[in-house]
Amino acid sequence: MPTYKAPLRDVRFLMNDVLDYPAHFKTLSNGELADADTVDMILEGAADLCENVLAPLYQSGDDEGCHFDNGTVTTPKGYKEAYDQYVQGGWQGLSYPEEFGGQGLPMSLNLIKSEMMGTANWSFTMYPGLSAGCMNTILQFGTDEQKNTYMPNLTLGTWSGTMCLTEPQCGTDLGQVKTRAEPQADGTYKLFGTKIFISAGEHDLTENIIHIVLARLPDAPKGTKGISLFIVPKFFINEDGSVGERNPVFCGSIEHKMGIKASATAVLNFDGATGYLIGKVHEGLHAMFTFMNTARIGTAVEGVAHAELSFQGALPYAKERMSMRALSGKKDPEKVADAIIHHADVRRMLLTQKAVAEGGRAMIYHAAQLADKMTDNLLKGDQAGHDYWDDKLGFFTPILKGFLTELGLEASNLGIQVYGGHGYIKEWGMEQIVRDARISTLYEGTTGVQALDLLGRKVLLSSKGKVVRDYTAEILKFCSRHARNKQMRRFVWDLTKVCAQWNTLTIRLMLTARKDRDIVSSASVDYLMYSGYAMMAYFWAQMAAVALEKIENGGTEVPEFYQAKVQVAEFYFDRLLPRASGHAEALVSPSRTLTQLAPEHFSFDY
Ligand SMILES: Cc1cc2nc3c(=O)[nH]c(=O)nc-3n(C[C@H](O)[C@H](O)[C@H](O)COP(=O)(O)OP(=O)(O)OC[C@H]3O[C@@H](n4cnc5c(N)ncnc54)[C@H](O)[C@@H]3O)c2cc1C
């Protein structure tokens with residue numbers, strides 16, 4: 001089974017050489033806290049926690065799963081102890097304000113930490129991940145009293161959080177939410193209804209669980225405009241801040257599911273549970289978007305995490321497993337056959353995994369810098385500054401979530417393929433990664449929903465294509481900076497073509513949508529995937545440019561490290577970027593071929 005090793009050399013290459021984190025930290029008001037020694041300590045500490053505490057529980061947690069007994073949920077053996085270690089290490093408060101007991105470091109460090117944790121053990125990482133979303137929502141929309149009540153223990157990690165959106169009749173279309181919030185004379189609300197699929201909805205890791213719940217007031221307008229947001233603690237909080245009586249929100253059952261079995265997915269019944277309004281009445285969905293955006297970037301990380309873990313499992317196997325001879329001649333002549341890593345097709349699989357993991361990581365670390373700027377402005381009370389960076393991040397979010405989880409799933413599957421039939425057998429641990437990865441394209445908005453958000457809302461409606469024009473202008477600037485470098489020429493040429501095509505496709509869709517409204521839906525997933533391949537190409541080109549410079553002038557790594565970056569970039573441009581052309585061709589086709597078949601003609605047998 002894969003043994004997780006934190007890829008710290010790759011992480012440092014990205015942070016120090018490609019994305020210049022030290023300079024980035026200097027632009028933030030809390031950046032001075034993230035000096036080189038502190039960042040190093042965090043990376044080493046997170047690696048230690050992940051390799052030695054979380055990774056060893058990955059497979060056993062899957063085997064055992066969570067236990068449900070009459071409303072109580074117990075996590076698998078070792079999870080509570082691991083969580084206690086996580087809390088003692090102060091990991092939950094890493095990027096949260098010092099006034100609530102956190103360390104006040106930039107948000108990006110939290111994301112980098114969660115990538116390592118998620119790769120080591122995704123199920124475990126779900127618990128603190130949900131808490132982070134809950135904390136972000138309270139920080140942005142909570143009153144001072146709410147912040148003071150909930151933030152300290154959430155920051156410590158002794159309390160955890162959830163997000164309660166989904167109901168039996170709706171997950172995507174939250175306008176259908178039925179959970180009822182009845183106003184009480186004391187200004188609180190009583191909530192009635194059932195939420196399903198609630199991650200970390202009930203468990204034994206923390207002494208309290210703070211639910212963030214979407215519900216509807218009796219006089220609320222229909223649809224998404226009539227939904228409000230509430231804080232519903234599992235246990236009431238006493239005057240002195242200690243945990244008090246039980247609030248009537250109970251776990252009815254937990255789901256038996258395909259993967260992430262150590263993460264409890266709960267049905268929660270709100271039987272008149274007391275809730276406290278957070279944000280404005282009827283504007284709950286807007287507030288919830290804060291939570292969802294955090295969660296979406298968090299889920300994009302899952303694509304990278306599963307690609308990385310599957311690669312870490314596949315690589316040693318490909319070096320050891322012997323099969324036939326390489327077509328170009330014997331590579332291990334003293335052995336009965338060559339190791340499968342010498343076959344070009346096995347290399348295709350390994351390189352795809354590697355390109356996705358490292359390219360995806362670069363995309364995430366870049367998004368993390370935008371998240372830093374957004375949070376920095378929020379903490380400074382600069383709403384306009386916050387909204388500017390929120391908008392920028394908003395363009396990347398659906399691409400990261402949709403594209404990286406789709407590719408993460410593909411990369412995980414390739415890990416099974418490298419193992420041949422053995423990949424399908426449980427004891428090797430490769431099939432667990434695929435089962436765990438499968439959820440990533442579904443929750444936090446399916447790929448289809450991310451695609452609609454990207455093309456419909458962010459590209460066409462809100463910006464009339466300006467977001468793409470702005471982003472491609474940035475890529476073209478990079479191209480002109482490197483155009484004279486012979487070794488960069490092929491990257492520059494392909495990127496320039498992609499930029500032109502990305503804009504042309506956008507304009508074409510904008511014009512077509514005037515007469516063919518279904519085109520937005522029919523083109524959206526291809527458009528999202530196209531955008532993802534284009535964006536990842538830009539990050540591979542950036543990594544190649546830095547690596548080439550280091551080969552010439554020297555860097556902290558051995559020359560082979562940089563050479564490998566250039567070679568993987570070449571692989572990406574030769575083998576993965578061409579997939580964008582297929583998406584381009586498909587997305588401009590009229591929607592008719594998708595819409596013409598009548599629902600009753602999909603089958604004539606049933
Ligand atoms: C393990 C797990 C954990 C989860 N954790 C949480 C959690 O913590 N909190 C929470 O609130 N929810 C959670 N969810 C719920 C999850 O977010 C939803 O399942 C998801 O958003 C999809 O909603 P749905 O299942 O109702 O599917 P539906 O909304 O019914 O969608 C079905 C299909 O129709 C497509 N579709 C729907 N509308 C459109 C449209 N307008 N255009 C094009 N295609 C469309 C979708 O893409 C999908 O393919 C979790 C789910 C699981 C399985």
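The values are calculated or read from the model by the stated rules, or taken from the named source; none is laboratory data. Here the structure is a predicted model, which is why all the values come from computation and not from measurement. Counting neighbours? That spans all protein chains shown, and the Cβs are built from the backbone with ideal geometry, glycine included. Calculation scope for accessible area: heavy atoms of the full protein, side chains included, ligands and nucleic acids excluded. Shrake-Rupley method; radii C 1.70, N 1.55, O 1.52, S 1.80 Å.
Okay, here's what the table says:
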quantity: Number of positions in the stretch 130-155 that are open to solvent by 20 Å² or more (accessible area, probe 1.4 Å), within 23 Å of the chain's Cα centre (by Cα) and more than 16 Å from the ligand (Cβ to nearest atom); calculated: 3
quantity: Enumeration of residues in the stretch 449-459 that are within 9 Å of the ligand (Cβ to nearest atom) and open to solvent by 30 Å² or more (accessible area, probe 1.4 Å); calculated: V449, L452
quantity: Any pair with Cβ under 6 angstrom, 6 or more apart, that starts in the stretch 439-460 at a residue that is among the acidic types (D, E) and ends at one that is within 9 Å of the ligand (Cβ to nearest atom); calculated: E444/A295
quantity: Strands (runs of 3 or more DSSP E) (entirely within the stretch 223-295) containing at least 1 residues that are closer than 15 Å to Q140 by Cβ and within 16 Å of the ligand (Cβ to nearest atom); calculated: 227-233
quantity: Among (1) under 30 Å from G554 (Cβ atoms); (2) open to solvent by 20 Å² or more (accessible area, probe 1.4 Å), the one test that M1 misses; calculated: (1)
quantity: Residue count, the stretch 156-175 (criterion: within 28 Å of V243 (Cβ to Cβ) and more than 9 Å from the ligand (Cβ to nearest atom)); calculated: 6
quantity: Test for F478: is it touching a Cys at 6+ places or on another chain (Cβ under 9 Å), of a type in the set (F, W, Y), open to solvent by less than 40 Å² (accessible area, probe 1.4 Å) and within 23 Å of H366 (Cα to Cα); calculated: no
quantity: Test for M543: is it within 16 Å of the ligand (Cβ to nearest atom), in a helix (DSSP H, G or I) and at pLDDT 95 or above; calculated: no
quantity: Breaking point among (1) out of contact with any Ser or Thr (no Cβ under 9 Å at 6 or more places or on another chain); (2) within 20 Å of L156 (Cα to Cα); (3) in a helix (DSSP H, G or I); (4) of a type outside the set (V, I, T), for E44; calculated: (2)
quantity: Enumeration of residues in the stretch 419-448 that are open to solvent by 20 Å² or more (accessible area, probe 1.4 Å), more than 9 Å from the ligand (Cβ to nearest atom) and not in a helix (DSSP H, G or I); calculated: I425
